[in-house]
Amino acid sequence: MIELSNRLDGVGTYYFANKLAQIREMNSNGDSVINLGIGSPDLPPPTQVKEKLIGVLSDLDVNQYQSYRSLPELREAFAKWYQSHFNTSLDPKTELLPLIGSKEGIMHISMTFISEGDEVLVPNPGYPAYAACCKLAGGKIRPYPLNAENGWIPDIEELSKEDLDGVKLMWVNYPHMPTGTRATKELFEKLVAFGRKRNILICHDNPYAFILNEEPLSILETEGAKEFCLELSSLSKCYNMAGWRVGCLAGSESNINAVLKFKSNMDSGMFKGIQEAAIAALAHGQDWFEQLNEQYKQRRKLAWKIMDFLGCQYDKEGAGLFVWGRIPKHLAGAENYSEEILHKSRVFITPGMIFGSQGNCYLRISLCSPVDVFELAFERISHAFNKEKK
Ligand SMILES: Cc1ncc(COP(=O)(O)O)c(C=O)c1O
């Protein structure tokens, strides 16, 4: 057995990889588990996306290596998108870098800016990749707590009292996954001022901007943000293109060039067909998001119904692809509750502890299943738990 790199010490396999294997195993035993866990959109992308991909397949150059910076047309499409949705001007030549999904961007940013021992502020609860990538890059994870009392937003005043000399980078993500908390202009202003004052790179991860959110915001709208902020966007959730792997990094020319230095040594340009398809997706505006959100609203009502039945408290104002609910006070923890639900009713709901200890008492329901599946899930859960009460 060859010894593994110590870079992997303490980095677990992504929770969902293990859970999905368990669900597959249950399915192979005939359980037909309903998975309300993972945030992988089940709805199709705009029709032009598929047409565009098929259309370019006969071009000879699709088979060739593509530019590390991607097609100029794709960067222009992202620049237009930023202008029309966020009223933010970005130079397509220098301030935008398309990526193979925003998750890879989290790794690229980490490898570009974190040296051995640098500290990284990560939200607890938050998307697990921030901490994992920090660790893989040799950094020290410094979780900052989010909770219902502070409205799931960082307490900048409290943070400012701490010794932050070793902190290089801070991850923020609004609409926040898993809680659904929305961004405000005021929060972004505070974060930009904090980054400037303490010389910390504020990295905003923004994949849920348009999901059940009437006022999408970019941190780059904030005055003076470019110098101290990077922002990740993604087509995974907003255009139902999670499997296509398209995201984008936006920020100052010098920060983008720094990330490109790492990225160009790690991968090569994105497949041209996908780039062309992404351009077609980005051309879709408000109407696209409205019809998408209508469908999510129907599903969300049923997710609330399940949360109500399970005795969980949740915020009806949440944005993003999930409903986040606090389990009843008398229960031991969300992991046990999630397992109990899975084994009694063959419905999987994500326990909040996978996003950090602040999620120990929460469950997260994903809206990525059709209404009839939600109805069946409710039926199974209510049947299993009512039977027990009798
Ligand atoms: C907060 C957050 N950031 C990033 C990602 C990764 O998105 P992408 O598909 O663009 O890599 C996810 C995916 O679930 C997410 O929830």
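By the Stokes-Einstein formula, at 0.890 mPa s and 25 °C, the chain with its Kirkwood radius over alpha-carbon pairs has D equal to 112 µm²/s. Cβ-Cβ distance of residue 387 and residue 18, R₀ of 45 Å, FRET efficiency by 1/(1 + (r/R0)^6): the value works out to about 0.95. What residue among 287, 118, 205 has the largest mean-square fluctuation in a Gaussian network model of the chain, using Cα springs under 10 Å? Result for the chain, Cα springs under 10 Å: 287 fluctuates most.
Its alpha carbons considered, region 267-306 gives a radius of gyration followed by a Dmax of 16.0, 46 Å. Going through the cross-link list 103/237; 50/103; 190/263, which pairs have a Cα-Cα distance over 21 Å in this structure? Where the Cα-Cα span goes over 21 Å, the pairs concerned are 50/103; 190/263. Spacing of the modelled spin labels on residue 3 and residue 290, each 7 Å from Cα toward Cβ, amounts to 6.3 nm.
Shown here are the Rg and Dmax of the Cα trace of region 270-390, at 17.3, 60 Å.
Helix content alone sets the calculated 222 nm mean residue ellipticity of the chain: runs of n ≥ 4 DSSP H residues at -39500 (n - 2.57) each, divided across all residues, give -13000 deg cm²/dmol.
Seen from all directions on average, region 103-240 presents a Cα convex hull projection of 7.8 nm².
DSSP finds beta bridges in the chain, and of those with both partners inside it, around 45 percent are antiparallel.
Could you tell me the ratio Rg/Rh of region 204-310? Both radii from Cα atoms, Rh via Kirkwood. My calculation puts Rg/Rh at 1.05.
Region 132-161 and region 248-302 have Cα centres lying 26 Å from one another.
Scoring 162-173, 12-23 by mean Cβ neighbours within 10 Å over their residues and listing the highest first yields 162-173, 12-23.
Per-peptide packing, taken as the mean over residues of other Cβ atoms within 10 Å, places 64-71, 190-197 in the sequence 190-197, 64-71 from highest down. Backbone phi angles across region 310-318, fed through the Karplus curve with coefficients 6.51, -1.76 and 1.60 (θ = phi - 60°), yield HN-Hα couplings of 7, x, 8, 9, 8, 9, 6, 8, x Hz in residue order; Gly and Pro are listed as x. Could you tell me which of rounded, prolate or oblate describes region 204-255, using a ≥ b ≥ c as the square roots of the eigenvalues of the alpha-carbon gyration tensor, with rounded for a/c under 1.5 and, failing that, prolate when a/b is larger than b/c and oblate otherwise? It comes out oblate by the Cα gyration axes. Derived scalar couplings between HN and Hα for region 50-60 equal 5, 4, 4, 4, 4, x, 8, 4, 8, 5, 5 Hz in order, rounded to whole Hz, by the Karplus curve 6.51 cos²θ - 1.76 cosθ + 1.60 (θ = phi - 60°), x for Gly and Pro. Shape call for region 1-124 from the C-alpha gyration tensor, a ≥ b ≥ c root eigenvalues: rounded (a/c under 1.5), prolate (a/b greater than b/c) or oblate? It comes out oblate by the Cα gyration axes. Taking region 1-27 and a reference point 7 angstrom along Cα→Cβ of residue 38, the backbone N atoms nearer than 20 Å belong to 12-27.
None of the figures in this text is laboratory data; all of them are computed from the coordinates on show. This is a predicted model, so every value here is computed, not measured. Here Cβ is always computed from backbone atoms with ideal geometry, including for glycine, and neighbour counts include all displayed protein chains.
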